[in-house]
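The values are calculated or read from the model by the stated rules, or taken from the named source; none is laboratory data. A quick note: this is a predicted structure, and the numbers were derived from the prediction, not measured. Because the Cβ atoms are built from the backbone with ideal geometry, glycine has one as well, and the counts that use them run over all protein chains shown. The protein model used for the area step is the full one, side chains on, heavy atoms only, and it has no ligands, DNA or RNA in it. Shrake-Rupley method; radii C 1.70, N 1.55, O 1.52, S 1.80 Å.
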Amino acid sequence: MTARLTARDAVVIGIYVLAAVLLYSRMWTDLRHGYLYNSMQDQNMFEWFFAVAAASPGDALFTTLQNYPFGVNMMANTSVLGLGIPLAPITWLFGTTVTWTLALTASVAANAAGWYWVLSRHIVDSRTAAAVGGAFCAFAPPMITHATAHPNFTALFVLPFIVSRVILLARGENMVRHGVILGLLVAYQIFLGEEPLLIAATALVIYALARPSIVSMHLVKGVGIAALVTLPLVAYPLWHQFFGPQSYDGLGHGPAGNDLATVTAFGSYSLAGDPEQAGKIAINPTEENAFFGWPLVILVVVLAIWLWRVAAARALVITAVAMVVLSLGWELTVNGEKTGIPLPWVIVSELPLYDSMLGPRLAMACAPVIGILLAMACHRILTLAAHATHIPLRLLWFGALAAILLPIAPTPLPIIERADTPAYFTEGMWRAHAGPDKSVMTVPPASAGHSLPLYWQAESGMGFALAEGYFVGPDRDGLGHYGAVQRPTSRLLDQIAQGYDRPIGPSERAQAQIDLRYWRAGVIVLGPHERQRELRQACDALFGNGTYVGGVWTWPV
């Protein structure tokens, strides 16, 4: 198999790029206001990560631009430094929304191209079979659900090459060369996303257990060489992640698991999907981790029976089943009904590293596993068709495959309009009151439920720090927690923003002064909000009369 890029390869990769652009076409046609509808608060957060990487490369591991004055451990967050730093010139020139859209689009295309390359060079001889497998690996429903919000789960283009080096080591090829390359790839993947790497490693271990004949001393030594290469490159960042400032001990997600019914259901973003029906059994629109659709499930069962005697295919099927079972959580749930049947995730979720993982995401490993199975099946069919004289086997197979895959093909991702950032931020009016040593306290406070202030900060050039914010950091007990540990005043304002009436008297005003000193706040800012009147009244009662300037209400400290 040739390692060089051929004209046929270029055509296949070009189709992947076109498909990825179509997937994000609504973002590309509205880069000024476009906001991926189902990303919820995450687009603002990831654009903020890109802004930090571009504006403050020295803050790559730790920054006080959020959660001032305590800061954010960037390595302990999904900061995708492996994208943010290389794409910093794009951010400087065009802004964070272009970086966000480019990163997602390029990642989807690169993921497909990566799997196509590995399949065509190391697993099947047919470019057509590899093209089908590569497309499924990147555009399968579990991948698309994360492509709406999570660059760390979309930038998976390194993983196929990690798998390829493991394959070459398992085949007994050059131990040192492939071990070194494997180590470099793993190091880079850590700066793209550690959780996808852990999921991939879990699937590879299960595959090895299902096919122990591939495990040799040569493979073990090659992996050992990879570890020796990886560790010096990531030792300090990982130490910072687990032991540095604002690190935390685990991020428990409890019994969360996929509903078994999701495996045969159609996802929200599929041609045959119904967001309302999918929403009844999905965790949320960005976590439809196992929506493969019943036609594909039936096909996989048929392929499993047909290819069972092939050791590689058998191990792939076992791996897929194991990953689905692990993704079901602590207790089997079917159509929203708890069955009381305990599942292995009860034990696995207590292990180091797995205690911070969202278990339902383990089902994502089934996408490349099924993609490889499809490639193997296509290759076999094409080989048989070459010797068939009367039966149009090729036409029958690809017709059936199209009928099965078309219902789960993704549709362009929906967007909503994000309002323009107030002039107070874009025109630098904040400089009169805030800066690196004086934070801005927004109303309502920046949080996991209200991330828009992060975008305002990015639009302002990252010149000031934010009090509180949307990130993962330690709670009062040192455990992982989304957002800052709220102060009494931020909790009060958050409750008013949610529609609760809260009386404000001398004790609340006194506490507000304590909290302002805690945040080292230079100004309180109330931007456009559906409960702006109630929030303004509360701020006037807490901080005195405010001033309207640059599209926001302000209360200088």
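Quick test for you: out of 89, 160, pick the one residue that is open to solvent by 10 Å² or more (accessible area, probe 1.4 Å) and assigned to a helix (DSSP H, G or I).
None of the others qualify; the one that does is 89.
Pairs needed: first member in segment 172-201, under 19 Å from residue 216 (Cα atoms) and in contact (Cβ under 8 Å) with a residue 12 or more places away in the chain; second member anywhere, among the aliphatic types (A, V, I, L, M) and in a helix (DSSP H, G or I); C-beta distance under 6 Å; at least 6 residues apart or different chains.
Filtered contacts from segment 172-201: 178/168; 178/169; 179/225; 179/226; 180/229; 182/226; 183/226; 183/229.
Would you list the helices (runs of 4 or more DSSP H) that sit entirely within segment 485-550 and hold 1 or more residues that are of a type in the set (Asp, Glu) and closer than 26 Å to residue 71 by Cα?
488-497, 506-519
For segment 288-324, how many residues are surrounded by 18 or more Cβ atoms within 10 Å (Cβ to Cβ) and among the β-branched types (Val, Ile, Thr)?
4
For (1) assigned to a helix (DSSP H, G or I); (2) over 30 Å from residue 241 (Cβ atoms), each residue gets a yes or a no:
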| residue | (1), (2) |
| --- | --- |
| 119 | yes, yes |
| 134 | yes, yes |
| 138 | yes, no |
| 144 | yes, no |
| 156 | no, no |
| 182 | yes, no |
| 192 | no, no |
| 196 | yes, no |
| 205 | yes, no |
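Conditions (1) within 29 Å of residue 21 (Cβ to Cβ); (2) in contact with a helix residue (DSSP H, G or I) (Cβ under 7 Å, 6 or more places away or on another chain), marked per residue:
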{"position": "375", "(1), (2)": "yes, yes"}
{"position": "381", "(1), (2)": "no, yes"}
{"position": "387", "(1), (2)": "no, no"}
{"position": "392", "(1), (2)": "no, no"}
{"position": "404", "(1), (2)": "yes, yes"}
{"position": "407", "(1), (2)": "yes, yes"}
{"position": "413", "(1), (2)": "yes, yes"}
{"position": "416", "(1), (2)": "yes, yes"}
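Kindly indicate whether residue 80 is of a type in the set (A, V, I, L, M, F, W, C) and under 18 Å from residue 410 (Cβ atoms).
No.
Take the residues of segment 237-258 that are over 18 Å from residue 195 (Cβ atoms) and in contact (Cβ under 8 Å) with a residue 24 or more places away in the chain: which is surrounded by the most Cβ atoms within 10 Å (Cβ to Cβ)?
If we take residues in segment 237-258 being over 18 Å from residue 195 (Cβ atoms) and in contact (Cβ under 8 Å) with a residue 24 or more places away in the chain, then 246 is surrounded by the most Cβ atoms within 10 Å (Cβ to Cβ).
I'm told residue 140 meets every condition in (1) touching a Phe, Trp or Tyr at 6+ places or on another chain (Cβ under 7 Å); (2) aliphatic (A, V, I, L, M); (3) under 15 Å from residue 410 (Cβ atoms) except one. Can you identify the failing condition by its number?
Result: residue 140 passes all but (1).
Given the criteria open to solvent by 70 Å² or more (accessible area, probe 1.4 Å) and either closer than 30 Å to residue 30 by Cβ or not in a loop (DSSP other than H, G, I, E, B) (or both), does residue 405 qualify?
No; evaluated as a whole, the condition is false for this residue.
Only one of (1) surrounded by fewer than 17 Cβ atoms within 10 Å (Cβ to Cβ); (2) in contact (Cβ under 8 Å) with a residue 60 or more places away in the chain; (3) under 30 Å from residue 248 (Cβ atoms) fails for residue 549. Which number is that?
Result: residue 549 fails condition (3) only.
Go through segment 498-531 and report how many residues are open to solvent by less than 90 Å² (accessible area, probe 1.4 Å) and in contact (Cβ under 8 Å) with a residue 40 or more places away in the chain.
Total satisfying the criteria: 11.
Does residue 289 satisfy being within 23 Å of residue 138 (Cβ to Cβ), assigned to a loop (DSSP other than H, G, I, E, B), out of contact with any Asp or Glu (no Cβ under 8 Å at 6 or more places or on another chain) and at pLDDT below 95?
So residue 289 does not fit the description; no.
Considering each of 66, 43 in turn, give the residue that is open to solvent by less than 10 Å² (accessible area, probe 1.4 Å), in contact (Cβ under 8 Å) with a residue 40 or more places away in the chain and outside any helix (DSSP H, G or I).
66
I'm told residue 339 meets every condition in (1) touching a residue at least 40 places away in the same chain (Cβ under 8 Å); (2) surrounded by fewer than 19 Cβ atoms within 10 Å (Cβ to Cβ); (3) hydroxyl-bearing (Ser, Thr, Tyr) except one. Can you identify the failing condition by its number?
Unmet condition: (1).
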